[in-house]
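Here it is, the structure in full.
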Amino acid sequence: MAIEYKKREPDGSMGQPVKVGTGLSIDEQVLSLGEQLAQEKIKGIQKDLLINSLGQTVTQLKLEMLAMKGGEV
């Protein structure tokens, strides 16, 4: 989004708007949001993988405890 101001002409009238600090275009904003979304999806996948790994570890530890106590596996 651009900020605009009007420059005063030599005759004292206000001239055409002048853009200052144009920032990101719509395409650049969409691209940036797409990159952020992809990063968040990757974070979500990494969290899911960690949760699954921890679940497998807990299950394995439970099985080992049962085996040590003489239970059937």
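The values are calculated or read from the model by the stated rules, or taken from the named source; none is laboratory data. Just so you know, these numbers come straight off a predicted model, no measurement behind them. Backbone-built Cβ (ideal geometry, glycine too); neighbour counts: all protein chains shown. Side chains included, ligands, DNA and RNA excluded: accessible areas come from the protein's heavy atoms. Shrake-Rupley method; radii C 1.70, N 1.55, O 1.52, S 1.80 Å.
Could you go through the stretch 27-42 and let me know if any residue there is at pLDDT 80 or above, open to solvent by 100 Å² or more (accessible area, probe 1.4 Å), assigned to a helix (DSSP H, G or I) and basic (Lys, Arg).
yes
Let's see how each residue does on (1) open to solvent by 70 Å² or more (accessible area, probe 1.4 Å); (2) modelled with pLDDT of 80 or more; (3) touching a strand residue (DSSP E or B) at 6+ places or on another chain (Cβ under 9 Å); (4) of a type in the set (D, E, K, R):
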site	(1), (2), (3), (4)
11	yes, yes, no, yes
21	no, no, yes, no
45	yes, yes, no, no
66	yes, yes, no, no
